[in-house]
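Here's the structure we're looking at; comments come further down.
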Amino acid sequence: MGKWFKSGAPWIWMTAGTVSMSLVAVVGLLLLIGWRGLVYFWPHPIYQWDVQGVGGNNQRIIGELYDQEQVPVERLRAAGHPLPSDEEREWLTRYLIKTGNREFVDLDFRWVLETDIKARSTPAELALLERTTNGNFYGRVSGVNVAGKVVTGDLHGPLREAIDRAVDLNSQADSLQKGEIGAINYQLEKLRLKERKAELNHELTDQLKSELQAERDKLQADYLVLEKELFRLRADAGRDSVTVTDMRGEAVTMPLSKVLDVTWPNEMGLFAKIGYWFHQIGKFISGDPREANTEGGVFPAIFGTVFMVILMAIIVMPLGVVAAVYLHEYAGKNVMTKFIRIAVINLAGVPSIVYGVFGLGFFVYTLGGSIDRIFYPEALPSPTFGSPGVIWSALTLAILTLPVVIVSTEEGLARIPSAIRHGSLALGATQAETLWRIVLPMASPAIMTGLILAIARAAGEVAPLMLVGVVKLAPTLPVDGNFPYLHVERKFMHLGFHIYDVGFQSPNVEAARPLVYATSFLLVTVIVGLNLTAIGIRNHLREKFKALDN
């Protein structure tokens, strides 16, 4: 036994066991998040319950079975819930039902006790209508009005065609509003700032005024034409309507301009459900958020996360590599260099919110405010760069991840034998040429390792971004068709903040819970995708410069 301990085998097995348990825990957590998130997009059956209401009156409820739990009978009786006197069970099941139709019912979700349920069925004619506002609508489609004519017979096909038409028209209207109309508004604002700048510089002449006014008049004329087309598209999208009989037994007519999709889940087969599942995932990834982020997609958050991380990587890579090269190749081996290395290592342990406060105070207020005063005085008091934006978020996270890149690059430089440097210098190369052509290529895998670690940390950070650029809902993306096309001063959406907002700031907690899992799984997927891209580049560089290692 003593020899076995001295051999070190127990510590090897302990280390292997710890690593295995850690991997199992991480994989299990990812599987849980993925399952709870992806099952949200699966078409669930729509049930019809006949329940006993207050005063013994029967009530009909239509909706999806959202969750269920076991409740002690004693707790129900203590809460004053009426139970049968002969009830002898210790636990009862109660069901959480998503009823939707939130503009006509008090609660979007309601609990129903199993003893109150008189009957439950899944009629094939029950439909789910996904809407732009007020969430889902459940009921029986009783009529479709297309171009002023009432459709009879099978309503499935005509209703889908009418909805597709309305969705296409709404998409054209949104593209027009965000594209050409948005560009005109952007140009009008540019003209206003140009006139204000000339006024501040005492260069505003009558001729310049007339030229600017002529440009405004032309833009206004174009705007009126586009506005008329926008109103036509909106009105045309609302031409058709659908009538649905809800669980109250009342017929509700709604314009199809407010309807995004319709499904009859109880009629679907397995392959239809799989196709619907992929369709819903695609809409979640490519769509815009709705209903205070509790409905719709997360494309702006995906775009903002990836864009900010790429911008951060572009900033941190040269800074980190230059700092590491100076410390390892040029700086003297003295107390000051040791102090700088200790400071760099300690910076990695500073809480991220401290970096956020620093970024807000230095980058946003000091640097951004100075840029506004020097280059954009005509826009004041409205800030241009003096407010949180994607550029300040990228700079803040670049400072946050800078120690990781410096340490990783230094370790890569330290692994290169000094004989290689001496050989290069002996052949007549300068130190700069040796560094650029020999040392840095050999250290490039270590540099990419530092970048991978920086991306992994930066993509998941939320606390500093709340101070320096991220918002609940960004009206426009940082990239559009207006010059200079890349607007790094704009605020943006982020998957991490989206998870926080949906999970803890949502007005409808039950509706938002599945989106927390879905967005979390998506964030992990984005981080893994970015890391795999960087790992692929690192492996390519390793193979490319393998001859130098030999």
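Listing for the model above:
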read-out: Members of the range 106-123 that are closer than 22 Å to Asn508 by Cβ and without any contact (Cβ under 8 Å) to a residue 40 or more places away in the chain; value: Asp106, Leu107, Trp111
read-out: First in the range 411-440 and under 22 Å from Ala323 (Cα atoms) and without any contact (Cβ under 8 Å) to a residue 40 or more places away in the chain, second anywhere and β-branched (Val, Ile, Thr) and surrounded by 13 or more Cβ atoms within 10 Å (Cβ to Cβ), Cβ under 6 Å, 6 or more apart; value: Ile416/Val439; Arg421/Thr434
read-out: Matching residues, the range 153-171, being farther than 22 Å from Tyr276 by Cα and either in the same structural domain as Glu125 (by TED's automatic domain parsing) or in contact (Cβ under 8 Å) with a residue 40 or more places away in the chain (or both); value: Leu169
read-out: Residues (of a type in the set (A, V, I, L, M, F, W, C) and under 25 Å from Gly287 (Cα atoms)) located in the range 121-141; value: Ala127, Leu128, Leu129, Phe137
read-out: Of residues in the range 506-535 being small (Gly, Ala, Ser) and out of contact with any Ser or Thr (no Cβ under 8 Å at 6 or more places or on another chain), the one surrounded by the most Cβ atoms within 10 Å (Cβ to Cβ); value: Ala518
read-out: Matching entry among Thr337, Thr294, Thr305 (being within 30 Å of Asp174 (Cβ to Cβ), assigned by TED's automatic domain parsing to the domain that holds Leu465 and among the hydroxyl-bearing types (Ser, Thr, Tyr)); value: Thr305
read-out: Sole exception among (1) in a helix (DSSP H, G or I); (2) of a type in the set (A, V, I, L, M); (3) under 22 Å from Asp108 (Cα atoms) for Ile274, by number; value: (3)
read-out: Residue tally, condition over 16 Å from Glu461 (Cα atoms) and aromatic (Phe, Trp, Tyr), over the range 491-550; value: 3
read-out: Condition check for Pro381: loosely packed, with under 15 Cβ neighbours inside 10 Å, under 29 Å from Gly496 (Cα atoms) and without any contact (Cβ under 8 Å) to a residue 12 or more places away in the chain; value: no
read-out: Qualifying residue in the range 71-80 (condition: part of a strand (DSSP E or B), within 22 Å of Pro265 (Cα to Cα) and touching a Ser or Thr at 6+ places or on another chain (Cβ under 8 Å)); value: no
read-out: Looking only at the range 519-545, and only at residues there that are closer than 22 Å to Asp288 by Cβ and free of Cβ contacts under 8 Å to residues at least 60 places away in the same chain, the one that is nearest to the chain's Cα centre (by Cα); value: Thr525
read-out: Residue among Ser370, Ser382 that is more than 20 Å from Leu319 (Cα to Cα), more than 22 Å from the chain's Cα centre (by Cα) and part of a helix (DSSP H, G or I); value: Ser370
read-out: Residue selected from the range 385-437 under the condition among the hydroxyl-bearing types (Ser, Thr, Tyr) and in a loop (DSSP other than H, G, I, E, B), by the criterion nearest to Phe307 (Cα to Cα); value: Ser387
read-out: Candidates Gly135, Gly139, Gly182 - the one that is surrounded by 15 or more Cβ atoms within 10 Å (Cβ to Cβ) and part of a strand (DSSP E or B); value: Gly139
read-out: Set Asn101, Asn136, Asn185: member being polar (S, T, N, Q) and in contact with a Lys or Arg (Cβ under 8 Å, 6 or more places away or on another chain); value: Asn136
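The values are calculated or read from the model by the stated rules, or taken from the named source; none is laboratory data. Because the structure is a prediction, the values reported are computed rather than measured. Here Cβ is always computed from backbone atoms with ideal geometry, including for glycine, and neighbour counts include all displayed protein chains.
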